[in-house]
Every structure is written in structure tokens, then in C-alpha cells.
Amino acid sequence: MAASVCIFTRSAPRHSGRALGGFERTHREPAQISNTMKIILSLATVALGLTAQAGILAGPIVNPLNGHSYYLLSQNTWSNAETEAVTLGGHLATIRNEDENRWVFSTFGSYGGALWIGLTDRQKVFQFIWTSGEPVSYTNWGGGQPDNGNGVEFYTHMLPRGHYAAGQWNDYANAQTVLAAQFPLYGVAEILPAASVRLPLLVTSEMRESAALANPSTATTTGPQLHAFTAIELSWSSETNRLYRVQWTPSLDPPEWTTLEPILSGTGTNVSVFDSTRQHPRGFYRVQIVQ
């Protein structure tokens, strides 16, 4: 059995009528709400024209689950945050599964704000797409969301810490604060590596050194030259009722094997784990059947 290794260098300004679709409401007459929204939307239009580009608050930080680099951008609208993410070489973050959602929120949620991600339905309401172009295979909406409140909520953010649905998603308008507490909205930019490399790796139940060199300087590459924020994806065809262990060593003379991931259960399909070459710029990998 063989394994392959890959290296891959919503918000109008706050008003008392409705701060967040489905989460906060106060009672107002319809005419009051209509007049208030007209004023707010006019102010939002002016504000968007004056807002500067987003800056970087933190990063790059490599997610060990996928090898991608992430930046936390300064408080801004969704549109400006996405523009800044593109200038960095990526987009606002795509969330592909629960593990990525948990990692993004745990890494950047402590900065005290809500987090813009790259999901939007601005082209067609309730037909959400990722700005990265990837398919929508996972969502984590809060209760009652998305609801396109007031007809202007086309952009997605993670709700902030302190909210009862913290880490879940809400659609919102193109603004810089959210909720009655005026939490700032920070963009999370995700940068995918650009080059790829494949190395052979054998799955074995023996303790012998069945390993492959993982060194960008000696591997065959395609695309731009590999750089510090590359990741290695180790994938193999797994069997059900099998347990696998992935290990790394900086040298084979003598080897000092370190387990990179918890023990993984086979699924009968391809299984992958990632390792960052920022932490391990040179070394050897192996996959073992442990049960």
C-alpha cells in the first residue's frame, strides 16, 4: 500500500431598531424602522467611501491541519477585508469542516471581535459561495441564520466570544461593528501555498525505516519556488478497522521519530495529515499501521 506526499508551497452601522438579524430586536413602528434604515444606509454609503484598507493585526500563522497561512486583519467592512486578503495573495477564510472552524475561532477569537470569513450571497440571496471559488461543503450557522435581515445582509462572520452562539455564523451587512455591544469586525485572510511536490511513502506495520525525504531543495517542484510557508500533505489509501500513526525525524542517522498526529482510524478511503515545513524544513516521514 503506497502513500503520497504533497507540498503546497453582515453590517449596517448600529441602530437601536435591529443590531443583528435573528439575534437582537426591539419594538418599533414600521414607519420608524423604514426611516431609520434609509438614514443608516445613506451613512453606510458615505462611510464605505472613506474607509481605509484593512491592515494586519496578526500573522502569518500556519494552521497545522491544512498547512495554510492565516492573517488577522484590522477592523473593517467585509468588502475592504476581502480586498486586503486578495492583495496578500488569498481570500477571506474558507471553512471546510468543523476542525478548521474551531481552529480559526480559537486562534483569532481572543482578539475581542467577530470574524469575517469568505462566505457571501451578494450575487444571489441565500445561494452562498466562497470567494475562494471552493464548493460549500460545510456551514455552521447560528439559530435562525442566515436570514438576510433588512434585505442587506450578504456577508458572513463568526459570532464573537461572549455571545451565546460564539463561533457560529451570522449573515450581516457590509459594516465594521456588530451587535449592540459594537464588537469590531476583523477579517481572517487565508493564503494557500503555490507549489506542489510528490514523494513516495510506504505504509508498514514494521519498525524498519520506511521513510521518504521531504526537502524542498531536492524535490521536483512545479510552479513558484517553495518558501517558508509551505506544507506537506501526507495521504494514503486506508483500510477500515486499521489504526495509523504518522511520524517525522530530522535524520536517519540515527532516527528520532516524533509522532505528528494522534492515532488515525482508517476509513476505507484516502486519509491525509499535514505538516508545516516552517517547523520541519528538512526531514523524513513514515506512516505505520499500529493495529
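Where a number appears in this text, it was derived from the coordinates with a stated rule and is not lab data. Quick caveat, the model's predicted, so the values are computed rather than measured. Every residue, glycine among them, receives a Cβ derived from its backbone with ideal geometry; neighbour counts consider all protein chains shown.
Along Cα→Cβ, 7 Å out, is where each label goes; now give me the distance between the ones at residue 83 and residue 126 in nm to one decimal.
It is 3.2 nm.
Using a 10 Å cut-off around each Cβ, can you sort 239, 82, 100, 190 from fewest to most neighbouring Cβ atoms?
Sorted ascending by nearby Cβ count, the order is 239, 100, 82, 190.
So between residue 102 and residue 237, what do we pick up on full extension, going 0.36 nm a residue minus the alpha carbon distance?
46.0 nm
With each label point set 7 Å from Cα along the Cα-Cβ vector, what nm distance links residue 252 and residue 181?
Placing both labels 7 Å along Cα→Cβ, they lie 5.5 nm apart.
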